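The values are calculated or read from the model by the stated rules, or taken from the named source; none is laboratory data. Bear in mind the structure is a predicted one, so any value in this text is a computation, not a measurement. All Cβ positions, even for glycine, are placed from backbone atoms using ideal geometry, and neighbour counts span all protein chains on display.
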Amino acid sequence: MRIHLSRSCCSLGTLRRSARQHTEAVLRFISSALVCWVCLLCACDGSVLPQNFIYPLFLHTKDYNEKIASMPGCERHSVDSVMKEVGEAVAEGVTNIILFPKIPDDVKTNAADACYDPAGLIPETIKKIKSAYGGRVNVWTDVALDPYSDQGHDGMVSSDKRGDGGRGRIMNDETIEQLCRQAICQARAGADVVAPSDMMDGRVGALRDALDSEGFTDVSIVSYTAKYASAFYGPFRDALDSAPRESSNAPPNKKTYQMDPANSREALIEAQLDAAEGADMLMVKPGMPYLDIIKLLKDNTNLPISAYHVSGEYAMMKAAAEKGWINERDVCLETLLCFKRAGADAILTYYAKQAARWINEDGLMRLKK
Ligand code: PBG
C-alpha cells in the first residue's frame, strides 16, 4: 500500500510525478476514517496522538528476546515477540512500525548482499506482519547497509586508500545499487514505506525509479533528509552491533556522508533534492537537539515532516527517570508535543507504545497540566 501524499485530501506539494492514484488500501483508510493517512498523522498541531507515532522495533533471528542495556524497555525481539508487540501497538492506536534487524556477524560482508535476501529476517517478518495485520498497520523498513556490513558503514567501502586519512571511501553509486535491491526485496515482501537512512547522494530518485520499474508505485519513500553525524546514535549501534568497526578500511565515523551538526543550511539543499527526487515525507534526525531543523524544513517545503527521537535521547530520559530525577511520563509527553509544535507531523520514537498508552489511559489529547 502506498501512502499517497500527492493526491491525499491535504494539499501537499508538487511531487515529481503528480498522477498517482490512491490504492484500494488508502481509499479504505479514507472512507473508514473520513480522513486520509496523512491527515491522521498530521492531526492538529497542538496535540500529540498515537497516530502520530512510528514505533521502531529491533529484531533478531533468535527465538528469545534480549535486553539492550543502554535502552531499558527496548529489546531485540524474536519474530514471535515482534508479532505480539505489533499487536499491542495497534491496540493502542499506533499503526506505523519500523523494523531494524540485528544480523549475525558471519552473514555480514562489505557489499552487504544479505540485505536483499528474500529469505532474510526482514522480508520474512514483513510477510508475517502483513498477513496477520494486513491494512491495519503500515510496515516501514530501514534502507541502509549497516546492519549487514562487516565495516559497520551504511555504504560499501572501497579497497583503495583515497579517502580521508589515507583510508577507504564510501562508494556512493555502488551502494545505491545495493539499496535499490534491498528496497525492492522489502517491497516484494509487503513493505508499505521504505525509509532510506543511508545518506548516499541521489538515492531517493534511484529508489523511486527502481520501485516504480518493479511495479511498486504504491510503496512510499520517507527520506532521512537531514540526518546528522551525531553522537546520539550510540545505544542504537549497541542494539544492532552496527557501529563503524575500528578494523574497517574506512574512517571510524560517518562524517563523510552524514551531515555536520554545525550546519543548518545544508538541510535545505537536501530537502529540495529529496522533494525533486520523489520523497513522500522528509525526516530530521536526531530530534530534540534539532528542533530548529524540523521548523526550518516545515517552513520551506510542503512535504510532511517526521522527527526521529533517537536512541541516545531515549536513553538519557530513561536513565534520569530510573534515578527518579524526572517524571518520565510528563517529560516524555512534553517532548513529543514539542516535536509537533516544531513542525513534525510524525514522530519516530522508542516511546511510541508507552506514550500511546499514557495518552489513551488518560484520555489525553493535550498535555495535562
Ligand atoms: C543507520 C541508522 C542509525 C540509526 C538509524 N539508522 C545509526 C547510524 O547512522 O549509525 C540511529 C537511530 C537511533 O539512534 O535511534 N542506518
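Data table
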| quantity | calculated |
| --- | --- |
| Complete set of residues in the range 153-170 that are within 16 Å of the ligand (Cβ to nearest atom) and either under 18 Å from the mean Cα position of the chain (by Cα) or over 13 Å from Ser248 (Cα atoms) (or both) | His153, Asp154, Gly155 |
| Some residue of the range 218-241 being modelled with pLDDT under 90 and in a loop (DSSP other than H, G, I, E, B) | yes |
| Residue count, the range 231-248 (criterion: of a type in the set (Ser, Thr, Tyr) and more than 8 Å from the ligand (Cβ to nearest atom)) | 2 |
| Filter pass, Trp325 being assigned to a loop (DSSP other than H, G, I, E, B), more than 16 Å from Lys227 (Cβ to Cβ) and among the aromatic types (Phe, Trp, Tyr) | yes |
| Test: residue in the range 95-108 that is among the charged types (D, E, K, R), within 16 Å of the ligand (Cβ to nearest atom), buried (at least 21 other Cβ atoms within 10 Å of the Cβ) and not in a loop (DSSP other than H, G, I, E, B) | no |
| Lone unmet requirement of (1) within 18 Å of the chain's Cα centre (by Cα); (2) over 27 Å from Pro252 (Cβ atoms) for Val143 | (2) |
| Set Leu291, Leu303: member being surrounded by 14 or more Cβ atoms within 10 Å (Cβ to Cβ), at negative phi, part of a helix (DSSP H, G or I) and out of contact with any Phe, Trp or Tyr (no Cβ under 6 Å at 6 or more places or on another chain) | Leu291 |
| Exclusive hit being free of Cβ contacts under 8 Å to residues at least 60 places away in the same chain and either of a type outside the set (S, T, N, Q) or under 30 Å from Glu322 (Cβ atoms) (or both), set Ser70, Ser131, Ser78 | Ser78 |
